[in-house]
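Single-structure report; data block below.
The values are calculated or read from the model by the stated rules, or taken from the named source; none is laboratory data. Remember, it's a predicted structure, so these values are computed and weren't measured experimentally. Backbone-built Cβ (ideal geometry, glycine too); neighbour counts: all protein chains shown.
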Amino acid sequence: MILIDILTIFPDYFESPFGIGLIKKAIDAGLISIRLVDIRHFSASRHNQVDDCPFGGGAGMVMKPEPIFRAIRHIGRGGGYKPRVILLSPQGIRFTQDRAVQLAGLKRIAFICGRYEGVDERVSEGLVDEELSIGDYVLSGGEAAALVIIEALSRQIPGVVGNKESVSGDTFYGKFLKYPQYTRPQHYLGMSAPPVLVSGDHGKIEDWRMNQSVSRTVQRRPDLIDHGTLSESERKIVDKVNRTAGEKKRLRVLNDEKLPEGS
Ligand code: ADE
């Protein structure tokens, strides 16, 4: 059982995502417990103020430190374990599948969802164990990021995903992106599922999938290819895809040379 506290000024945001699908099942089965903690309840001001103007001037508002410190102190008492405190922000370290696996092994996590232009830095200094970003883009707040991380880590908790293979076959679990998937009907709108997938030959299906996985990764995410860890057969596929890409590029250059300027 993992206990997750989410500190937010928008607890309603999480109502529907935690009420459906795998996460709901995991909560119902007692594998995950999620508590929504409304930061506003920990404001000391009469109007439940949780933000203020930035010192030094500038646009937007900054989340005040006191309500967040109080909220963490409040939740810290329950559960028997000290939570790992994670602040969601675009300034954080990039969240990855490896981190999802590690977080799934913890007993308690507290996510702080930042809003506005930022969170007073003393929250990071005095409370936060790690700051995570889900990617190089700016969201309006950390709520969507917390959801992404909770969904990714819950898939790694034993018993949450029914079929173990569907987790170990996930993209990023191995070194490559996942192969393309097809289901019935085999022919649709003039497009067909590859015949090998309906051949019943499991060896050939495995080979095809491996080929597709490696090719896709080379074409779409070459940054994921770690040449030091490739097997002989994987390296052959990588070389072939790179050779084909090189030939296509040369052909494009030749074609472009034939075209009149401005086309
Ligand atoms: N808050 C705003 N943008 C974010 C991002 N990219 N990751 C995590 N939290 C955020």
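For every residue, the table says whether it meets (1) surrounded by fewer than 18 Cβ atoms within 10 Å (Cβ to Cβ); (2) in contact with a strand residue (DSSP E or B) (Cβ under 9 Å, 6 or more places away or on another chain).
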| site | (1), (2) |
| --- | --- |
| Asp120 | no, yes |
| Asp129 | yes, yes |
| Lys175 | yes, no |
| Thr183 | yes, no |
| Val198 | yes, no |
| Ser213 | no, no |
| Gly228 | yes, no |
| Ser231 | yes, no |
| Lys236 | yes, no |
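From the list Arg73, Arg99, Arg122, pick out the single residue that is free of Cβ contacts under 8 Å to residues at least 24 places away in the same chain and among the basic types (Lys, Arg). Going through Arg73, Arg99, Arg122 in turn, just one is free of Cβ contacts under 8 Å to residues at least 24 places away in the same chain and among the basic types (Lys, Arg): Arg73.
In summary, Pro67 fulfils each of the numbered conditions (1) farther than 30 Å from Asp223 by Cβ; (2) within 16 Å of the ligand (Cβ to nearest atom) with the single exception of condition (2). When Leu224, Leu177, Leu197, Leu189 are checked against the criterion of being touching a Lys or Arg at 6+ places or on another chain (Cβ under 6 Å) and away from the ligand (no atom under 16 Å from the Cβ), a single residue qualifies: Leu177. Just one of the listed residues (Arg73, Arg35, Arg46) is of a type outside the set (Gly, Ala, Ser) and surrounded by 14 or more Cβ atoms within 10 Å (Cβ to Cβ), namely Arg35.
Please determine, by comparing only the residues of segment 105-116 that are closer than 18 Å to Val50 by Cα and more than 9 Å from the ligand (Cβ to nearest atom), which one is modelled with the lowest pLDDT. Top of the filtered list is Tyr116. There is no residue in segment 150-165 that is of a type in the set (D, E, K, R), in a loop (DSSP other than H, G, I, E, B), out of contact with any Phe, Trp or Tyr (no Cβ under 8 Å at 6 or more places or on another chain) and under 22 Å from Leu7 (Cβ atoms).
Picking from residues in segment 185-196 that are at negative phi and of a type outside the set (Ser, Thr, Tyr), the one that is surrounded by the most Cβ atoms within 10 Å (Cβ to Cβ) is Ala193.
Restricting segment 117-145 to residues that are among the aliphatic types (A, V, I, L, M) and part of a loop (DSSP other than H, G, I, E, B), the residue that is farthest from the ligand (Cβ to nearest atom) is Leu127.
Cβ-Cβ distances below 8 Å connect the following pairs, each with a first residue in segment 57-70 that is closer than 9 Å to Val119 by Cα, a second residue that is assigned to a helix (DSSP H, G or I), and a separation of six or more residues or different chains: Met63/Ile39; Met63/Val123; Pro65/Arg122; Pro65/Val123; Pro65/Gly126.
Does at least one position in segment 86-96 carry a residue that is within 16 Å of the chain's Cα centre (by Cα), away from the ligand (no atom under 16 Å from the Cβ) and at negative phi? No, segment 86-96 has no match at all.
Count of segment 146-161 residues, restricted to those that are surrounded by fewer than 20 Cβ atoms within 10 Å (Cβ to Cβ) and within 12 Å of the ligand (Cβ to nearest atom), is 1.
Taking the options Ser168, Ser133, name whichever one is touching a Pro at 6+ places or on another chain (Cβ under 7 Å), within 30 Å of Gly228 (Cα to Cα) and surrounded by fewer than 20 Cβ atoms within 10 Å (Cβ to Cβ). Answer to the selection: Ser133.
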